[in-house]
Amino acid sequence: MLEQYVPFIGLIIFGNIENLILASQGVVQGVNPKILGGLSIIAVIIWLVIGTVATGVAIQYASYITFIGGLAIVILGIQSVHGAVRNLRAQRGENNGKS
């Protein structure tokens, strides 16, 4: 039974990394952690349902799906780091102005 999910193992790993990146973006932006956690759990459940239902149809496109998922992770990671660096620079600028 689990053999049908083996081609998607990369996507499972990428999905977890994506969730961490999105959570870090929320923390950087000052989002309420309870809301962020709840939305994160809802997103994971939705992807679990989609993955379970659509695996039979999507199995022939597994390599493309994994590539697109990996590309999305790279883009989200760059966006997250950019936002964090910009936020740190803004905080340092505020601290330098007050000192």
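The values are calculated or read from the model by the stated rules, or taken from the named source; none is laboratory data. Please read these numbers as outputs of a predicted model, since none were measured by experiment. Every residue, glycine as well, gets a Cβ built from its backbone with ideal geometry; the counts of neighbours run over all protein chains shown. Heads up: the accessible areas ignore ligands, DNA and RNA and are worked out on the full protein's heavy atoms, side chains in. Shrake-Rupley method; radii C 1.70, N 1.55, O 1.52, S 1.80 Å.
Computed quantities for the displayed model
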quantity	calculated
Which listed residue is touching a helix residue (DSSP H, G or I) at 6+ places or on another chain (Cβ under 8 Å), free of Cβ contacts under 8 Å to residues at least 24 places away in the same chain and either open to solvent by 90 Å² or more (accessible area, probe 1.4 Å) or farther than 25 Å from V85 by Cβ (or both), from P7, P33	P33
Residues that are surrounded by 14 or more Cβ atoms within 10 Å (Cβ to Cβ) and of a type outside the set (V, I, T), drawn from region 68-84	G69, G70, A72, L76, G77, S80, G83, A84
Pick from region 6-35, criterion at pLDDT 80 or above and in a helix (DSSP H, G or I), ranking: farthest from A72 (Cα to Cα)	K34
Sole residue being more than 21 Å from F14 (Cβ to Cβ) and of a type outside the set (D, E, K, R), chosen from G38, G26, G77, G70	G38
Complete set of residues in region 43-67 that are of a type in the set (S, T, N, Q) and surrounded by 11 or more Cβ atoms within 10 Å (Cβ to Cβ)	T55, T66
Total residues in region 85-99, condition open to solvent by 80 Å² or more (accessible area, probe 1.4 Å) and at pLDDT 80 or above	5
